[in-house]
Amino acid sequence: MPSRPDIEAVAEEVFTALADPSRRGILAALAARGPATATDLAAGLPISRQAIAKHLGLLAEAGLVAAEPGEGRRIRYRLRSAPIQVAQQFLAALARDWDRELEALREHLDAAVASATQETNKGWES
Amino acid sequence: MGFPDRIERTVEIAHPPAKVWSAVTTAEGLGTWFGNAASIDLRPGGAAEMTWTSGEKASMRIERVEEPTVFGFTWGISGLPDGDPRRTYVEFKLEPTDTGTRLTVTESGFAQLPEGGHRAAFEGNTEGWASELGELVEYLDAIAA
């Protein structure tokens with residue numbers, strides 16, 4: 001993690017971490033079941049304990065998991081959502097579909113005028 | 001990578017500003033073209049809400065009401081937790097044209113950091129379920145004692 005928080009750097013680390021299916025699997029398992037050790041995770045994922053340990057190191061560097069003391073001398077890893085929430089801002093900007101909303105506004109106004117015209121015509125006919 | 005902070009769109013609408021103003025500032029308008037239902041207290045500092053049949057909800061705080069030219073509000077960033085202090089600012093600007101209205105919508109604030117840097121600001125409220133469940137256990141222990 002950069003010492004001075006930089007929103008782009010944080011988001012980039014999150015997307016790099018998420019680009020790998022094994023790391024997505026680890027994060028999904030931590031999100032679903034809560035803090036776990038590398039051994040716990042290896043039991044539920046089709047990856048070796050060694051590979052999981054390597055990915056956990058990378059995820060910890062990106063700030064996506066935090067190591068905490070578990071039972072005995074085993075290290076438990078806990079999901080940290082802060083960097084993900086920063087990346088979510090980037091996704092929110094991409095997902096904000098003003099083009100579609102403004103098209104809906106235009107259609108709404110056209111429809112309102114069309115129905116008003118219809119009402120007027122009806123009044124005229126009767 | 002380039003983090004977009006500000007989104008801006010302009011559309012030409014073949015209806016006068018008064019009609020467009022009404023569509024973007026009334027419960028009837030907002031609840032038709034934007035949400036599936038809406039409520040609005042149209043004054044700076046007032047609250048507005050839109051709901052969708054999907055169960056989604058948007059809560060807005062109104063900032064600028066200058067009929068019929070400027071309507072601005074803030075709302076939460078989609079995907080962030082309900083209590084997150086970060087909000088984007090949305091502004092509708094209406095300009096009369098020969099054929100109707102030029103409507104510009106800008107939404108800014110996507111690239112803001114929470115106050116105090118993201119690590120410090122989040123550490124407190126993302127202890128998450130582990131601490132919430134810890135508090136529940138303590139509460140139950142206390143009332144049983």
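No lab work stands behind these numbers, since they all come straight from the coordinates. These numbers were taken from a predicted model, which means no experiment stands behind them. Cβ: placed from backbone, ideal geometry, glycine included. Neighbour counts: every protein chain shown.
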* To do: Would you mind finding the one in A:R23, A:R106 that is crowded, with 17+ Cβ neighbours inside 10 Å and facing chain B (nearest Cβ under 8 Å)?
  => A:R106
* **Among the residues listed as B:I7, B:I40, B:I13, the single one being among the β-branched types (V, I, T) and closer than 30 Å to A:A9 by Cβ** => B:I7
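Quick grid of which residues meet (1) within 14 Å of chain B (Cβ to nearest Cβ); (2) within 22 Å of B:T32 (Cβ to Cβ); (3) surrounded by 12 or more Cβ atoms within 10 Å (Cβ to Cβ):
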{"residue": "A:H55", "(1), (2), (3)": "no, no, yes"}
{"residue": "A:A60", "(1), (2), (3)": "yes, no, yes"}
{"residue": "A:V65", "(1), (2), (3)": "yes, no, yes"}
{"residue": "A:G72", "(1), (2), (3)": "no, no, no"}
{"residue": "A:S81", "(1), (2), (3)": "yes, no, yes"}
{"residue": "A:A116", "(1), (2), (3)": "yes, yes, no"}
